[in-house]
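K.L.:
What follows is a structure written as structure tokens; I'll ask about it next.
The values are calculated or read from the model by the stated rules, or taken from the named source; none is laboratory data. Only a predicted model underlies this, so the values are computations on that prediction, with no experimental measurement involved. Ideal geometry is used to build each Cβ from the backbone, glycine not excepted, and the neighbour counts take in all protein chains shown.
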Amino acid sequence: MSVPAPRVWGVTTTVPSAPHAAHAPHVPHALPGAPRPAPGPAADEGLARRLKALACTAPLHDLDARKANLAGEYSVYAMAEIALAAIDLVTLNMDFDTGADHDQIVARLLPRVAAQAPDRTHAEHERVARWVLENLINVGSADRGFRAVYGTFGADGHYVRRDYDFKLIEEVPGPGGSVYLRTTDEAVNVLVGALDTDVTSAQIAAEVKLEVLISRGRLADAQLAAEQARYRTVQYAETLRRTLEATRRNVRAVDWLRQVPDMIAEALDHVADRYRHENAILTNIRKARDEAEDPEHKRRAAELVDIVKDCIRRHTQLQSRLLEAGPLFRAEQDRQAFAAPPARAGLDLYGQLVAPVLPLPVERAARVTDAYFARGTGLRTPAAVRVGDLVDLLLTPPVEREHLGAEMPEPDLVATPDDSRFSDEQLESALELLDLPADAPRRLSGLLAEARRRDPDLPYLVALLAVHAASPPVGTAHRQGEPQLLFAVDDGTQLDDPEFGGADLIVGTARLAAAVAS
Amino acid sequence: MTEEREERQERADGAELREPAAPRPAPTAGDVADAARLVGFGLQPRLLPARDAEYAELIRRHREDPGFARLADAVAAGLGLIVLEVSPRAGMAVAAAEDSVFAVRMGDYARRAASDTGDRFLHGLAHLAAAALAFPRPEDLADDGYIGRITVHGVDAFVRQACRRLEERADEAGENTDPASDAPGLEAAWRVYVRRSATGATKDARRLASSTTGIIGKAVAFLVDSGFLQRTGDEHGGTYRTTARYQLQVRDMAGGAAMAELLDLGVVPVSDGSASLAPAAADDDFLAADAGLPFHAAPSS
């Protein structure tokens, strides 16, 4: 094994450093007919790849093996199943900017955990969910990851044990200092398998398959395909997010002449294409949903509609990101490229220090960073303490920590002038007028006349409320559990009124079903 | 800048030996006290002459009175300090010599770093990467008026991106970068960074100290205390802008020292003075352009 010393950005020339290659004098010469230790590097590589894939599943098996060690009787829980569900949840909740929220994932895991042991307490379910999630992150280790050891034969026939480090769920910083979860590529591969293929083509394949399945009415399979398509959509968005992030950081870090514009054009085409495609699918499934006789089919089609809608949402999000990239580049270009030429050549910190250091073996790289650290951190004035002060310092009681923080200043509030068209009393009066019994709707003309008798200004408010009621927000009211709802219907009668024209609406109160049920 | 410093250093060293031939009043005890006070101001890196009238007056005197300047420089040299610049914008910018009592030692900075090579590297890299992002182009480091802006998450993302490219290259080349189990020191440096989590949840909602953003956060907080950065906001893990002192320190001290160490390791980074944060379009093109200059003059170190 030699130390990997790839040139970075073509600026570094690394003197071959191969402390290991030096001690390989006794290369085993394969005797004719004798079995070679490995049938060839390609086969060995394939073996290593499979070993790594196998290693990725180890943490899941490990959960079930270790549950016996937990204080309490936990064997009833299928930990690997919970873990896979957790990885599923995190993958599906990964958004563009952030990942999935820790507590949210735990909350969504709970139903499954609870289903496995319905007679246990809620606290225990939550403890199990947290335990699984923390073990998938591997909270105890410094790297918060896993390590597996596998062996390969080097080019010279030596057997080398290597460390394979991987993560399943990683924690990423979110806005405002919060921590979010993302699944790693390894985890996605464990989950759905063989995903590290070309994202675009894989997605097209999945969608063509979906369309065929839909047209043949095989919805059960279609749902599986649609879910896989969504995983791929997420992965595709993730790839693009990384590229755009690099662009945002430094305009020179990315090839804006060809590579990125091509990439953005490609991605925009992709979004447009997918959008059309998925809308077509959506129409098809909706039709399937509405026409399906079998309630099971209907339900699956409805789920499918949700999944495809989510795909479309992600594509739209991706598109808005893509459109932001151009202006961002131009702004950075203005700042960086059109400045006055440099007075003198300086040190290129990235190209001459960071880039050459990163490929070095860590032992050697640390020498460079040590040298930088020693000279680059500034100075500290050593504290000199007198014995007399020390006594005082040690005897001073610790300061009570303020839990509530500093006192909030009294806000200086300015009363805003009341410029409402109608007063509270008028509103009350109008609502009282419109508080009709459910079985006795009234004509608008009658309501207006009655309102006019109370207050000459009131008819305007009543008319306004009645027109509003012509398109009542049934869904919202239903969700919020309102017991009843004001509605207005036009039956074609003309309104005969000195101040208002139009239809003489029938205004009434409708009872909502959910409220009746409760 | 370097020559100027050396010259001053020389003058400071030989202050007692080479008494000026021209008639000049011998420094009084008061002058020495003033010179020492100026150095004392210099040791408070967050203090700026613009904020303190006495400091500003001493800076002015240092610039106008060569005798006083020599005296102040001699005091600094005697304390184990290297004078980088004395100006109204940076104040008396001094850096600690390697064996000085003012120098910062890695073991005091981070306890774990003393025993663990990986941690030591990560802490050092955090400082190096912060500077690289603060001064992305050579022009930025050379331009006295340049103010860099960095964020904690930005530094992390930038190093991760660089590491990811190395990973992709290694993958393309079909290299197996997994380190041998019995030789952890031979693991490629970028892998140590990639392996470490970017962040992590902790019980008290603080940044996980061993995560990369924790390490970078520690570095920038330390640089703020050194008067090298000023905190401007909380977005993206904390946003900061650079000070004149930081530029001086990186340009005249740290960059050169790290470069010398790198050259010592046999790695010769070539630069034509332009920023290399851009990738070469194709490797072959780049080689053709610079093939004749394998040992292109490295900047003064």
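K.L.:
Kindly provide the set of residues from region B:186-237 that are polar (S, T, N, Q), surrounded by fewer than 21 Cβ atoms within 10 Å (Cβ to Cβ) and free of Cβ contacts under 8 Å to residues at least 60 places away in the same chain, ordered by number.
P.N.:
Within region B:186-237, B:202, B:230 qualify.
K.L.:
Could you list, in sequence order, all residues of region A:362-385 that are more than 14 Å from residue B:222 (Cα to Cα), aliphatic (A, V, I, L, M) and part of a helix (DSSP H, G or I)?
P.N.:
A:362, A:365, A:366, A:368, A:371
K.L.:
Yes or no: region A:168-185 includes at least one residue that is at pLDDT below 85, more than 9 Å from chain B (Cβ to nearest Cβ) and either surrounded by 20 or more Cβ atoms within 10 Å (Cβ to Cβ) or within 27 Å of residue A:75 (Cα to Cα) (or both).
P.N.:
There is at least one residue in region A:168-185 that is at pLDDT below 85, more than 9 Å from chain B (Cβ to nearest Cβ) and either surrounded by 20 or more Cβ atoms within 10 Å (Cβ to Cβ) or within 27 Å of residue A:75 (Cα to Cα) (or both).
K.L.:
Quick check on my filter: what residues within region B:105-136 are part of a loop (DSSP other than H, G, I, E, B) and touching a residue at least 60 places away in the same chain (Cβ under 8 Å)?
P.N.:
Across region B:105-136, the qualifying residues are B:110, B:135, B:136.
K.L.:
A further question on this structure: Closer than 15 Å to residue B:133 by Cα, at pLDDT 90 or above and surrounded by 22 or more Cβ atoms within 10 Å (Cβ to Cβ): does that describe residue B:243?
P.N.:
Against the criterion (closer than 15 Å to residue B:133 by Cα, at pLDDT 90 or above and surrounded by 22 or more Cβ atoms within 10 Å (Cβ to Cβ)), residue B:243 qualifies.
K.L.:
So residue A:148 ticks every box in (1) buried (at least 18 other Cβ atoms within 10 Å of the Cβ); (2) among the aliphatic types (A, V, I, L, M); (3) outside any helix (DSSP H, G or I) but one. Which box is left unticked?
P.N.:
(1)
K.L.:
Do we find that residue B:171 is more than 8 Å from chain A (Cβ to nearest Cβ), assigned to a helix (DSSP H, G or I) and modelled with pLDDT under 85 in this structure?
P.N.:
Yes, satisfied.
K.L.:
Something else about it: Go through (1) closer than 15 Å to residue A:512 by Cβ; (2) part of a loop (DSSP other than H, G, I, E, B) and name the single condition residue A:485 misses.
P.N.:
(2)
K.L.:
Could you identify the single residue in A:289, A:274, A:248 that is in contact with a Leu (Cβ under 7 Å, 6 or more places away or on another chain) and modelled with pLDDT under 75?
P.N.:
After ruling out the rest, the residue left standing is A:248.
A quick yes/no check of all residues on (1) modelled with pLDDT of 85 or more; (2) within 25 Å of residue B:196 (Cβ to Cβ); (3) aliphatic (A, V, I, L, M):
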site	(1), (2), (3)
B:125	yes, yes, yes
B:133	yes, yes, yes
B:137	no, no, no
B:147	yes, no, yes
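K.L.:
Of all residues in region B:209-222, count the ones that are part of a helix (DSSP H, G or I) and within 7 Å of chain A (Cβ to nearest Cβ).
P.N.:
2
K.L.:
If I go through region A:346-399 residue by residue, how many of them are charged (D, E, K, R) and more than 7 Å from every other protein chain (Cβ to nearest Cβ)?
P.N.:
Looking only at that region, the number is 3.
K.L.:
Turning to a different aspect of this structure: Looking at region B:224-256, which of its residues are within 17 Å of residue A:375 (Cβ to Cβ), in a helix (DSSP H, G or I) and facing chain A (nearest Cβ under 7 Å)?
P.N.:
Passing the criteria: B:249, B:250, B:251, B:253, B:254, B:255.
K.L.:
If the Cβ limit is 9 Å and pairs must be 6+ apart or interchain, which residue in region A:102-116 that is more than 13 Å from residue A:132 (Cα to Cα) and surrounded by 15 or more Cβ atoms within 10 Å (Cβ to Cβ) pairs with which residue that is modelled with pLDDT under 90 and among the hydroxyl-bearing types (Ser, Thr, Tyr)?
P.N.:
Filtered contacts from region A:102-116: A:116/A:77.
K.L.:
Something else about it: Residue B:107: over 25 Å from residue B:50 (Cα atoms) and at the interface with chain A (Cβ under 10 Å from one of its Cβ atoms), yes or no?
P.N.:
no
K.L.:
Follow-up. Within region A:155-167, can you find the residues that are surrounded by fewer than 18 Cβ atoms within 10 Å (Cβ to Cβ) and in contact (Cβ under 8 Å) with a residue 60 or more places away in the chain?
P.N.:
Selection gives A:155, A:156, A:157, A:158, A:159.
K.L.:
Within region A:61-79, can you find the residues that are farther than 15 Å from residue A:126 by Cα, at pLDDT 85 or above and hydrophobic (A, V, I, L, M, F, W, C)?
P.N.:
Correct list: A:63, A:65.
K.L.:
With respect to residue A:82, determine if the residue is out of contact with any Ser or Thr (no Cβ under 6 Å at 6 or more places or on another chain) and either closer than 21 Å to residue A:180 by Cβ or in the same structural domain as residue A:313 (by TED's automatic domain parsing) (or both).
P.N.:
It is true that residue A:82 is out of contact with any Ser or Thr (no Cβ under 6 Å at 6 or more places or on another chain) and either closer than 21 Å to residue A:180 by Cβ or in the same structural domain as residue A:313 (by TED's automatic domain parsing) (or both).
K.L.:
Collect the residues in region B:137-147 that are within 8 Å of chain A (Cβ to nearest Cβ) and either surrounded by 24 or more Cβ atoms within 10 Å (Cβ to Cβ) or without any contact (Cβ under 8 Å) to a residue 12 or more places away in the chain (or both), keeping them in residue-number order.
P.N.:
Scanning region B:137-147 gives B:137, B:138, B:140, B:141, B:143.
K.L.:
So residue A:389 fits all but one of (1) surrounded by 10 or more Cβ atoms within 10 Å (Cβ to Cβ); (2) farther than 28 Å from residue B:222 by Cβ; (3) free of Cβ contacts under 8 Å to residues at least 24 places away in the same chain; what number is the exception?
P.N.:
All conditions pass for residue A:389, except number (2).
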